[in-house]
Protein chains: 2
Amino acid sequence: LSEAPIGVFDSGMGGLTVLKALLGRLPGEDFVYLGDTARLPYGTKSPETVARYALQAAEALEAYRVKCLVIACNTASSVGLPIIRERIESVPVVGVIEPGARAACEASSSGHIAVIATEGTVRGGAYQQAILRLRPGARVTALPAPLFVSLAEEGLHTGSIAGAVARHYLRPIFGATDSAESRPDTLVLGCTHFPMLAASIRRAAGRGVRIVDSAATTAETVVRGLTDAGLLRTGTTGSSSGARKSARKSVRKSSRTRGTVRFLATDGIERFARIGGGFLGRAITRGEVELIDL
Amino acid sequence: LSEAPIGVFDSGMGGLTVLKALLGRLPGEDFVYLGDTARLPYGTKSPETVARYALQAAEALEAYRVKCLVIACNTASSVGLPIIRERIESVPVVGVIEPGARAACEASSSGHIAVIATEGTVRGGAYQQAILRLRPGARVTALPAPLFVSLAEEGLHTGSIAGAVARHYLRPIFGATDSAESRPDTLVLGCTHFPMLAASIRRAAGRGVRIVDSAATTAETVVRGLTDAGLLRTGTTGSSSGARKSARKSVRKSSRTRGTVRFLATDGIERFARIGGGFLGRAITRGEVELIDL
């Protein structure tokens, strides 16, 4: 089973930021990434519809005999995780909400945590609930920031438009008052598209705000889970906090036995390759992407 | 048949700008508006998928025994119109591309016409082809402006962000050169979302550029088509250019016999009502929107 691939699912290309984080830590693992590009975005759809779509995608990835399933989509994680875990019993399923919420609770001193996400994720309340479960006294300010999705897909990560949009969303959260006490001290990027805009977001949030990137925290959770279950391929661990030296060694070793990545998309292969490359941090060719029907 | 409703279809809420233009001209007509909100946006999907979705929606509206079918979505018009016209033989089908292209050819002195639209519409080349068919010597500059869709849906129609995005898209078209001769003199808003941002777009395009709003031109085409076919309900014509006085009279008359509007959506009724109201220019209540499955 340790030789099996890791399945990663997102509504589109945003989850490639999670795949990028996973590849950085687990360069010797095989991955199957499924983007449900025919039906994106999930963020504006009803919970019932998103749960149905996410389950179909999870079942499609299960057919690739994955050893672990990562729901690299905040909206799908927030409404689809319970039903996916119920139906896909054979493999562990990791969402992006829990790892992000846990990291935020650990990072925050004051207990006042801000979350920006898609409309669907914010309305679903999954981050709010997860944070309050982990830290009952926490105060959570959650706001939708849907324009960041379009900006990330257009490659407008920095510059005046990204800056203006970041200020538009973050000023009501961080700039409303002069009192530092009433401002959140931690900001969760609750959408897998948002790490692309991290620099603009960081600038608009201001100094002293800790940014929690749920792509990075999810990758850590997967590494830990596979390690604990003894399901890592031998010598595949890449860089991971607290183990830099051994990480460097294993990256060097694993570059000889680098894993494979299969990309599946439900529509628009050309667009997936073109825009996905920006998210993954390396070019994706059209030939690498297979069209599938869900 | 003249008592039958007019069917209007869009991938989401953008087509409500076309419905608004139709209601202004035909206040006594009944309308059935279908927004395929479960599968929006069409602009990023492949032509095959969009054509399939558009045909399903057209068939759903046909079941409401409409007397005319308006494809109020540029992407669906550009790739779906031929197959819809082939399959739905019983009623006339009006798209948004032809009316916009015709109005642009009439408005342009120089023959250099710019089109901004979604990625799918630009790549499909329908506006370019329609303009060149009507005016073979024309020069067409077509560019995708997808962020306008998100801005329109978020209600950011004016202000610094809308201005910055408008300049981002329009400066390469209108500001690239000092020579007025090489600039287009006409700009087609080739997406039904874009009329919401007309003020910001007009400012960024600069003086002397004629703006063609394909929602308004499509409504004119529908009025002319129904008039020619003798299919208008009696006394339903509202304001229409060149007939202001009689229009005022008929609007007054028709306010007594105002038509009905049915809204159908494939998902997210709450969001449809909330955001759609901005596009339609009047509030839509959740109770007015029916959920249907395609």
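Kindly state, to the nearest 0.05, the FRET efficiency for A:Thr257 paired with A:Arg52, given R0 = 22 Å and r defined as their beta-carbon distance. Efficiency for this residue pair is about 0.05. Legend: mean number of C-beta atoms from other chains within 10 angstrom of residue C-beta atoms, peptide A:37-46, equals 5.
With θ taken as phi - 60° and the Karplus curve 6.51 cos²θ - 1.76 cosθ + 1.60 applied, the whole-hertz 3J(HN,Hα) list for the range B:83-88 is 6, 5, 5, 5, 8, 9 Hz, x standing for glycine and proline. The angle separating the long axis of helix B:269-280 from the principal Cα axis of greatest extent in chain B is about 60 degrees.
For the listed residue pairs A:Lys45/B:Lys67; A:Lys67/B:Lys45; A:Lys45/B:Lys45, the alpha carbons are over 26 angstrom apart in A:Lys45/B:Lys67; A:Lys67/B:Lys45. Between the residues B:Ala205, B:Thr192, B:Val223, the greatest Cα displacement towards the positive end of the dipole of the range B:189-232, with unit charges on the Cβ of Lys, Arg, Asp and Glu, is found for B:Ala205. Using heavy atoms of the protein chains and a probe of 1.4 Å, the accessible area assigned to B:Ser78 is about 30 Å².
The aspartates and glutamates whose alpha-carbon is closer than 14 Å to the alpha-carbon of A:Lys20, local same-chain residues fewer than 8 away aside, are A:Asp10, A:Glu29, A:Asp30, A:Asp213, A:Glu220. Both numbers refer to the Cα atoms of chain A; Rg and Dmax are 18.3, 55 Å.
Peptides A:190-201, B:214-225, B:279-290 ranked from most to least packed by the mean count of surrounding Cβ atoms within 10 Å: A:190-201, B:214-225, B:279-290. Association of chains A and B removes close to 2200 square angstrom of accessible area from solvent, both sides included, for a probe radius of 1.4 Å. Accessible surface calculations at 1.4 Å, restricted to protein heavy atoms, place chain B at 41 Å² per residue. For the range B:128-177, a reduction of at least 50 Å² in accessible area between the chain on its own and the assembled protein chains (probe 1.4 Å) is found at B:Leu147, B:Glu154, B:Ile161. If we count every other residue with Cβ under 12 angstrom of A:Ala38's Cβ, Lys/Arg +1 and Asp/Glu -1, where does the sum land? Computed value for this residue: +1. Placing a label point 7 Å from the Cα of A:Arg139 along the Cα-to-Cβ direction, the distances to the matching points in the other copies come to 6.0 nm, shortest first. Using only alpha carbons, the range A:10-116 has a radius of gyration to Kirkwood radius ratio (Rg to Rh) of 0.98. Across the range B:121-131, computed HN-Hα scalar couplings (Karplus, 6.51 cos²θ - 1.76 cosθ + 1.60, θ = phi - 60°) run 5, 5, 5, x, x, 5, 5, 4, 5, 5, 5 Hz from first to last residue, x flagging Gly and Pro. Measuring between their Cα centroids, the range A:114-182 and the range A:37-88 lie 23 Å from each other. Carbon and sulfur: what percent of chain B's accessible surface (1.4 Å probe)? Carbon and sulfur atoms account for 50 percent of the accessible area of chain B.
Contact with the other protein chains removes 30 Å² or more of accessible area, compared with the isolated chain and a 1.4 Å probe, from these residues of the range A:255-277: A:Asp267, A:Arg271, A:Arg274. Of the trypsin sites (Lys or Arg not before Pro) found in the range B:1-101, not one falls in a DSSP loop while having at most 10 other beta-carbon atoms within 10 Å. Under Stokes-Einstein, with the Kirkwood radius over Cα pairs as Rh, the value for the protein assembly as shown at 4 °C and 1.567 mPa s is 51 µm²/s.
Between 0 and 90 degrees, the angle of helix B:16-25 with respect to the longest Cα principal axis of chain B falls at about 70 degrees. Computed from backbone phi with θ = phi - 60° and the Karplus coefficients 6.51, -1.76 and 1.60, the 3J(HN,Hα) list for the range B:285-290 is 8, 4, x, 7, 9, 9 Hz; x is used for glycine and proline.
Each copy carries A:Gly208; placing its label point 7 Å along the C-beta direction from Cα gives inter-copy distances of 5.3 nm, listed from smallest up. Amide H to amide H, with H built 1.01 Å from N, B:Val70 comes under 5 Å of B:Gly7, B:Val8, B:Phe9, B:Val94, counting only residues 5 or more places away or on other chains. How far is helix B:244-254 tilted, in degrees, relative to the longest principal axis of the Cα atoms in chain B, given as a value from 0 to 90 rounded to the nearest 10? Relative to chain B, helix B:244-254 is tipped by roughly 30 degrees.
With a Förster radius of 22 Å applied to the C-beta separation of A:Ala198 and B:Ser160, the computed FRET efficiency comes to 0.50. The H on the amide N of B:Arg262, modeled in the peptide plane, is under 5 Å from the matching H of B:Phe31, B:Val32, B:Tyr33, each at least 5 residues off or on a different chain. Remark: spin-label model distance A:Arg286-B:Arg171 equals 3.2 nm, labels positioned 7 Å along the Cα→Cβ axis. For A:Glu48, the label point sits 7 Å beyond Cα toward Cβ; its separations from the matching points on the remaining copies run 3.1 nm, from shortest to longest. Between the amide H of A:Val212 and those of A:Leu187, A:Val188, A:Leu189, distances stay under 5 Å, these residues lying 5 or more places away or on another chain, with hydrogens modeled in the peptide plane. For the range B:111-192, the share of alpha carbon pairs falling in successive 5 Å distance bins from zero is 3, 15, 23, 23, 19, 11, 5, 1 percent.
The values are calculated or read from the model by the stated rules, or taken from the named source; none is laboratory data. Keep in mind that this is a model prediction, so the values were computed, not measured. Note that we place each Cβ from the backbone using ideal geometry, even for glycine, and neighbour counts take in every protein chain shown. Only protein heavy atoms, including side chains, enter the accessible area calculation; ligands, DNA and RNA are left aside. Shrake-Rupley method; radii C 1.70, N 1.55, O 1.52, S 1.80 Å.
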